[in-house]
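The block underneath contains the structure these notes are about, expressed in structure tokens.
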Amino acid sequence: MSGAGMSENAAPRHRLLPYIMLGVLGPLSFIVVLWPFIWWLAHFSAMNPIIPWRINDFPMFWASGHFAASLTPGRVYTRPLLLVWEYRHVLGYHHTDPFVYPPPTLLLTRLIDFSGYWRAYLLWTIALTTLSVLILRIAHLPWIVIGFAILNPASFFTLMLGQISLLTGCCFVASLLLIDRAPIRSGVFSALTLFKPQIALLGPLAILARNNWRGVVAGLVVVGTICLLTWVIFGSSLWLAYVNHGLQSSHKLLDLPYPRPAFGPNYRGGYEYAEISVFYMLRSFGLKISSAMIGQTLSALGASMLCWRLWRREDIDPTIRVAITIFLGVLVTPYGFIQDLSAFSLGVLLLIWRRGTLEVGDVILLMWPGTLGLISQIIGATITPLVIAWALLRAHRLQQFVSISNGDYDAPIVLKGDHADI
């Protein structure tokens, strides 16, 4: 049966239910994910001076811009020095996180050192959002998809934090979309994920699997240029500090105890509720660090093998292949948070675009980044990898239908009656 025929026979309740769910889960998801900003707005008139909202990574990026402009930029990886500068120059609540981003990230943060905190935040947010939109447009996505790529809980949370995950996520998705159509641009965008690469690790593998040597060369040239530029501007000491301190701090973050009771009765954090990786899911189930890392390694190897096979085949719908690769990318890294799900949300949007209609499952997946922290807190465990597995299953089912339709399917898919796909 054609997609059009299935759409005509679908029960009205299955056409309306996704929009009802969106009306319910949408506001809830945005309220949960934006509550620090909402609280901040509610107390704005009483603030003198105006302090940043509580959950915010931007003070760290702003501080890194200061160190990037100094004569010793490598000190940004020395946690006590970074925190001392933040305490002196940023009012209100402070995180105690180290700066663990690769040295090239300072090429970006150096551009916001010249301004005060709020001007820097505004410039940073507008610039990252604009670049993300331009990148998706270069990848030939329609404006409606681009709009929802920005206006979803994961992306809103990313912008509220002052994070760069939206930008690198869009670069990752654009690199996949352009592999066959514009190999050089694909390699360039894949290289630009260097600023925060953990969710985009499968990009180079996909390009290589397609024997896209122009993309491979373009990516290597851009990565080499960025690293060389970083070395010329900041010196070799920055790279030494990253190897000696930045990577060490990154490893220590993975060594933190989990689940919550392991922290002790005085713990008042909550970072673990925002984790999304297989590693932290296994830790939340009570596995030791070594066992959880073995599980993460197996997950990464399995996802990489599936990605390689996916891009070697010619009988996979291009849009669905990109979405599957995005989902697999979440299963590769042991280190990821809510803000790193911007690309995941874009993958869900690509499936909606390809299918031509909205389903209840799409709504749940799009709203998941906004509610996962609350759900993790309620159940005391991280289950995002299971949600990713469900997203992969739904993408596989869509691919099966496209294959049955001999690639001629253009109409929306709405499954009949009680078999509606959620």
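The values are calculated or read from the model by the stated rules, or taken from the named source; none is laboratory data. Predicted model, so just to flag it, every value in this text is computed and none were measured. Methodologically, a virtual Cβ is constructed for each residue, glycine included, from the backbone with ideal geometry; neighbour enumeration extends over all protein chains shown. Side chains included, ligands, DNA and RNA excluded: accessible areas come from the protein's heavy atoms. Shrake-Rupley method; radii C 1.70, N 1.55, O 1.52, S 1.80 Å.
Worth a mention:
- Residues of the stretch 101-116 satisfying the condition of being modelled with pLDDT under 90 and closer than 18 Å to VAL84 by Cβ: ASP113
- Condition check for TYR280: touching a residue at least 24 places away in the same chain (Cβ under 8 Å), touching a Phe, Trp or Tyr at 6+ places or on another chain (Cβ under 7 Å) and of a type in the set (Phe, Trp, Tyr): yes
- Scanning the stretch 71-84 for residues that are over 26 Å from the mean Cα position of the chain (by Cα) and open to solvent by less than 30 Å² (accessible area, probe 1.4 Å) yields a total of 2.
- Test: residue in the stretch 48-57 that is under 28 Å from ALA191 (Cα atoms), surrounded by fewer than 22 Cβ atoms within 10 Å (Cβ to Cβ) and touching a residue at least 24 places away in the same chain (Cβ under 8 Å): yes
- Of all residues in the stretch 137-158, those that are within 29 Å of LEU25 (Cα to Cα) and surrounded by fewer than 23 Cβ atoms within 10 Å (Cβ to Cβ) total 12.
- So VAL217, is it over 22 Å from GLY169 (Cβ atoms) and at pLDDT 95 or above: yes
- Any hit, the stretch 320-336, residues being part of a helix (DSSP H, G or I) and either basic (Lys, Arg) or open to solvent by 20 Å² or more (accessible area, probe 1.4 Å) (or both): yes
- The stretch 119-146 residues that are farther than 13 Å from CYS170 by Cβ, paired with ones that are surrounded by fewer than 16 Cβ atoms within 10 Å (Cβ to Cβ) (beta carbon under 7 Å, 6 or more apart): LEU123/SER115
- Boolean, ALA218 is open to solvent by less than 20 Å² (accessible area, probe 1.4 Å) and closer than 22 Å to ARG312 by Cα: yes
- Pairs, first closer than 16 Å to GLU275 by Cα and open to solvent by 30 Å² or more (accessible area, probe 1.4 Å) in the stretch 289-302, second hydroxyl-bearing (Ser, Thr, Tyr) and in a helix (DSSP H, G or I), C-beta under 7 Å, six or more apart: none
- Candidate set from the stretch 41-65 (those that are modelled with pLDDT under 90 and aromatic (Phe, Trp, Tyr)); member that is nearest to the chain's Cα centre (by Cα): TRP53
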